[in-house]
Each structure stands twice: as structure tokens, then as C-alpha cells.
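The values are calculated or read from the model by the stated rules, or taken from the named source; none is laboratory data. Note that this is a predicted model, so its numbers are computed, not measured. Here the Cβ positions follow ideal geometry from the backbone for every residue, glycine too, while neighbour counts run over all protein chains shown. Note: accessible area is taken over every heavy atom of the protein model, side chains too, but ligands, DNA and RNA are not part of it. Shrake-Rupley method; radii C 1.70, N 1.55, O 1.52, S 1.80 Å.
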Amino acid sequence: YVLRCGVYAVRTDVRFLTGAKIFVQAALSLIWAGSGLFAAPHHVDPDAIGVPWSFSEWFIVVGVIAWTGLFSSAISGFMQTTGQKSVSASETAVILATQPIWATMIAAVGLGEPLSWRIGVGGAAILGATLLSASRKRQS
């Protein structure tokens, strides 16, 4: 995806690329969700059938869908595609490799998730590989 995005981002409108990505993601999500409607009866929890969700449950589900659609897909896709107009695919891959570090930091600070020495070692390995890749790029 990163390689093709880098090629098309330079010559195509970023809004079109992002819109196409979101459309495909939405279509595949609807197909996946719809496939559950045709599941064999032994795959369905009989206690869950016919129990309407409360308003608060609907509110949470709609909020999760909106967050995922807007922030995790649309805005991040738009930002990545816009950035790939001026950064090579290999540099983009290096930048995107730091995503687990950012997710861990947000979880630790925002959600109070505990950090362990294993998480620290993994983060240091990712950061070290990123810095090594960036330094080799400058030397060549």
C-alpha cells in the first residue's frame, strides 16, 4: 500500500485517493458485517437475539464507528497520502514503523496502561532501527 500510495499521491488528488480508500474500507466492512446475518444458527447466541440495545449502547457503538471512520481511517489516510507526496515510500515505511511506540505512549499517558521492561526493549529496538535506517539514508 505504501509503495502504490507513493506513486499515486504525486499525480492524483489526495482527496480522491483518500475517498477511494474509505469507500473500499466501508464496502468491505459492510460485507463482513452482513456476513454475520447469514451465519448458521449454532454460531449465534440465542440469548442475544431480539434484545434491543439501549440508547447508551447505541451511542457508544455510533461513537466507536465515527471515531474509527474519521480518525483511524479518513484523517490518518489523508495525512499519510498528503505526506507521501513529498516523502519516498521507504522513508514513509520507516516513519510508519514508529506507530507502536506512539500507540504505547498514548495508552500509557491517556489510559494509564502500565509499561514493562519488555515494552521498553521493544520500543528501543524500533527506535534504534528507525535511527539506523535514517542515518544510512543520509550517508548514501
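Filter the stretch 88-112 down to the residues that are in contact (Cβ under 8 Å) with a residue 60 or more places away in the chain and either more than 16 Å from the chain's Cα centre (by Cα) or farther than 15 Å from S76 by Cα (or both), then identify the one that is most open to solvent (accessible area, probe 1.4 Å). Within the stretch 88-112, the match that is most open to solvent (accessible area, probe 1.4 Å) is S88.
Looking across the stretch 52-101, the residues that are within 15 Å of C5 (Cα to Cα) and either hydroxyl-bearing (S, T, Y) or in contact with a Phe, Trp or Tyr (Cβ under 8 Å, 6 or more places away or on another chain) (or both) come down to S73, S76, T81, T82, S86, S88, S90, T92.
When restricted to residues that are surrounded by 12 or more Cβ atoms within 10 Å (Cβ to Cβ) and of a type in the set (V, I, T), the stretch 54-87 contains 6.
Here S73 meets each of (1) modelled with pLDDT of 90 or more; (2) in a helix (DSSP H, G or I) with one exception, condition (1).
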